[in-house]
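Report on the structure given below.
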Amino acid sequence: MDEHVLSEDALASGDELRRVAKNCLDSEHRFSFVVGPPRCGKSIWVPYHLAKEGKGPVISVQPDGDVAKQHAEYLRDQCQGTMTVGVCDDRSEIPDGFEVKDEVTYMSSTWLYRLVLAARDRKKPRVGAPKPENQVRAVVLDEIHTQKIYHELGYVGVQGAVSGILKLPAGWSGDTKIVLTTAYPQSDNFHFRFRLSPEEIEQMTLRISVEEPGGKVKEVFLDEGIPWKRQAEYHRNAAAIAQKILRGNNKANILVILSKDNAVGSGVFSEKTFGKDTPIFDLSEVDVREVNKRRRGGCVIVTEAGFASRIPVDGITHVICHRAFVGPRYEEEICKHVENALLIKPWEFDFLQSYLDPAQAVGYIHYAFPRPADGEEPDWTRVGPQFTDTDCVEYMLGIVRLVGFAESLQADTPVRQIPRLEMINRAMQQLRNGRSILYRQVDANLNRKLVLAADPRCLVMFGLMDRAGLDLRAARFLGELVQNLEIDEVSPEDRPAVLLVGILVSVFDSAPVLRKEDPNKPAPLGDLVPEEVSVFPGGFRSDAWNNAVFWMGNVAAFEARGYEALKWTSDHNWRVERKPFAAAERKIRLLVEHFRMEPSWMVKLKDRSFLAQVIKLVHTKHGPLQSLDTTPFFSYLSSYMYNLVYIDQDCISGFPETVRVRDISSTKELRVDTTLLTIDLPKVLEEVDKKANDINGFYACTSRYMLTPKGILLEGLTIVPQTSVWTLMEMVGRKGWNLEMMLRLKLRGISAQE
């Protein structure tokens, strides 16, 4: 196939990309660093030319499985049969005797990490070197500047394998080259992270030369005609900017970068806003290749800022973006990780600008915020890639899994990014408190060690983290639920139903679909979520479960009639977040397949027969939902026990406008995001008063915190009975982890001083 055709979608020429690939293969060094701007061809054409020049398999490692799949499909289409292109599915197991046979194989960092683990755990050593045709010529670690948790662990696995600390995966040899790529214009992010000097890094760095686009880029800030509003209103501001652009140029092709908060699905990017004559494409729902076949004329294309949007979109004239996106940070005040508005990074601005059609005379970047004051340096120029605090626990856990606990902090550990000491201390403390992750063992010399637990719950957790992408706490929640169902010998007929309740809680806990339109007005939930399925035995209630029930009751109508089928909720002061609602089925299906449940369960979710089954289980005496050990909400409490809060009459005196809670572990007073609150808290308090006159409040826990200008907000609650909290205290015990002391609880008969 003509090389010019193959490389016409990249900013760099085919000859330039071939030069870079050949230099990587010919280098005397094992590692090569490739620097090139976004869309220059690093993800698609560098692996292609490595395979062609090296005449053997090449692995391209992407930050996640969806991106790996998209890149594989794109390269396969471009090659039209002249090259074999494969992809490794995160959801599948690594088969025995796995070998890389395609010329280019895409995989996620998670898959790469698992590949190294499989080589470490291989019982029978491989005999001889791999066949020449199956010997991996190069491994490309793409987008290395991102420093996401599994990207970091992918690097750890590679470095551990090539340095001799761990076994080489199948097909690798001493001659396999490691190529790391970044979109940063400088290679500073490589410095001091590979035990190499800046001079050595520079010597090993290859830069992709691209032709400067002929057109100019003009930056446009929010003007007086569209007043600045808080971040939650970003999408409405962005829609107003897009409308203004189209009024002036009805042939404009506008790319809108969405924020990853719950306002994404507010429905502002719809036919109602822009009219029938303006096509709207959501890159999370439609293939980019189909978008590139669109008819001429004006259009609006929406996508989240992330790797899934990196396949080139042609013909963009305007890009609209925000100054910050939601991300995690550690909040010392409450000793927890919270979601916070993080300023956008320089390379992301370069990436946004790279979307603009280079053939046009002028391209426009529209910022949905005002122009900085004269002399004020824009905040984003001081922000670079960083390894966030919230990743540290899973990062340290991943290293422990690879090299063992005792060696995980040693100098020869294959760590690229060494977290700050206080981050390590917090991570190790959480690992020590994680009963289902590590346990204490006394060896023959009476030396205490912390080693990986071998119980089934750990294996389930690791699988959920590796294959389903759940974070540590969510994986522990489902892992503990699975173990409890097995220990209590729940019947094969009931076990999958209870597990599916847990799956639904996990999915909608992280991405709720219901939001109040006006938090200052009543929002009756009765017509959206039947009372008979909103309360579980013992008094457990859950915002996540209420969202799940609503989704099950309306997903069939949504599939038949689209978003129009959900607009009736506005009559009850609720709106449906479109994007989380549409994405829920894929997340649920992933977990259902992971637990090897029958596909028929997905059908039962949509035809409401599963809801009927849950109602039956709720009222079954001695059933799994009647038992504290096997109800999903007790496993949830066990996993999020350090997020316990206390709510009393004073806390809900301002309901529904404001709700305050007392965070037990820090004793701080926090607020609840009432727009996401589906539980009738006054009714819960009324029921508590009827049961016990000496109790004037109740407990709840959460999994999500958001830092706002008005303070820290809790997003979503799970109400837990006080007896369940006491039971958990007794199960954990006052020795060892001493949970009562850590939570500073003062319950009847138990004081923190004890």
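The values are calculated or read from the model by the stated rules, or taken from the named source; none is laboratory data. Because the structure is predicted, anything quoted here is derived from the model rather than measured. Quick reminder, even Gly has a Cβ in these numbers, built from the backbone with ideal geometry, and neighbours come from all protein chains shown. Note: areas computed on protein heavy atoms with side chains; ligands, DNA, RNA excluded. Shrake-Rupley method; radii C 1.70, N 1.55, O 1.52, S 1.80 Å.
Arrange the peptides 486-493, 353-360, 598-605, 717-724 so that the one whose residues have, on average, the most other Cβ atoms within 10 Å appears first.
Sorting 486-493, 353-360, 598-605, 717-724 by mean packing, highest first, produces 717-724, 353-360, 598-605, 486-493.
Taking a quarter of the surface of the Cα convex hull of region 132-180, what do you get in nm²?
3.5 nm²
Per-residue HN-Hα couplings for region 605-615, Karplus 6.51 cos²θ - 1.76 cosθ + 1.60 at θ = phi - 60°, whole Hz, x for Gly and Pro?
After applying 6.51 cos²θ - 1.76 cosθ + 1.60, I find 5, 8, 8, 6, 5, 5, 4, 4, 5, 5, 4 Hz.
How large is the charge dipole for region 30-140, taken about the Cα centre, if only the Cβ atoms of Lys, Arg (+1) and Asp, Glu (-1) carry charge, to the nearest 20 debye?
About 500 debye.
With a sphere of radius 10 Å drawn around the Cβ of Ser639, what net charge do the other residues whose Cβ falls strictly inside it have (Lys, Arg +1; Asp, Glu -1)?
Charge balance near Ser639 sits at +1.
Between the alpha-carbon centers of region 559-626 and region 26-78, tell me the distance in whole angstrom.
Cα centroid to Cα centroid, the span is 39 Å.
How far is it, in nm, from the label point at Glu219 to the one at Ile280 when both lie 7 Å from their Cα along the line to the Cβ?
Output for this residue pair reads 2.9 nm.
Could you tell me the calculated FRET efficiency between Asp15 and Thr727, based on Cβ-Cβ distance and R0 = 56 angstrom, to the nearest 0.05?
The formula returns an efficiency of 0.20 here.
Going by amide H atoms built from the backbone, whose H comes under 5 Å of the H on Val217, apart from near neighbours?
Gly363
Accessible area, 1.4 Å probe, largest first: how do Cys335, Cys458 sort?
Largest accessible area first, the residues go Cys335, Cys458.
If Val210, Val136 are ordered by their accessible area, calculated over protein heavy atoms with a 1.4 Å probe, which sequence runs from highest to lowest?
Ranking Val210, Val136 by accessible area, largest first, yields Val210, Val136.
Subtract the Cα-Cα distance of Lys22 and Lys683 from 0.36 nm times their separation in residues, and report this length gain in nm to one decimal.
Stretched out fully, the Lys22 to Lys683 stretch lengthens by 231.0 nm.
Could you please put Trp545, Trp726 in sequence from largest to smallest accessible area, using a 1.4 Å probe?
Reading off the accessible areas and sorting them downward yields Trp726, Trp545.
Could you work out the local net charge near Val291, counting Lys and Arg as +1, Asp and Glu as -1, over the other residues with Cβ closer than 10 Å to its Cβ?
Result for the local shell: -1.
Ignoring everything but the protein chains, give the 1.4 Å probe accessible area of Arg671 in square angstrom, nearest 10.
We get 80 Å² for Arg671.
Please calculate how many Å² of accessible area region 575-714 carries per residue, with a 1.4 Å probe and no DNA, RNA or ligand atoms counted.
44 Å²
With the cut-off at 30 Å, tell me which of the pairs Lys177/Lys218; Lys336/Lys579; Lys22/Lys101; Lys516/Lys621; Lys567/Lys621 have Cα atoms farther apart than that.
Over 30 Å Cα-Cα: Lys177/Lys218; Lys516/Lys621; Lys567/Lys621.
Average the reciprocal distances over every distinct pair of alpha-carbons in region 573-618, invert the result, and give the Kirkwood radius in Å.
Final number for the Kirkwood radius of region 573-618 is 12.1 Å.
Rounded to the nearest 10 Å², what accessible area does Arg660 have for a 1.4 Å probe in the complete protein model?
Solvent-accessible area, nearest 10 Å²: 70 Å².
Subtract the Cα-Cα distance of Arg295 and Ser270 from 0.36 nm times their separation in residues, and report this length gain in nm to one decimal.
Working it through step by step, the gained length comes to 7.2 nm.
Using 0.36 nm per residue, how much length does the chain from Lys616 to Arg586 gain when fully extended, once their Cα-Cα distance is taken away?
8.1 nm
Let's test the formula: R0 of 56 Å, r as the Cβ-Cβ distance of Ser491 and Ser666. What FRET efficiency results, to the nearest 0.05?
0.85
Between Glu564 and Glu333, take the C-beta separation as r, use R0 = 30 Å, and let me know the FRET efficiency to the nearest 0.05.
Given R0 = 30 Å and the Cβ-Cβ separation, E is 0.10.
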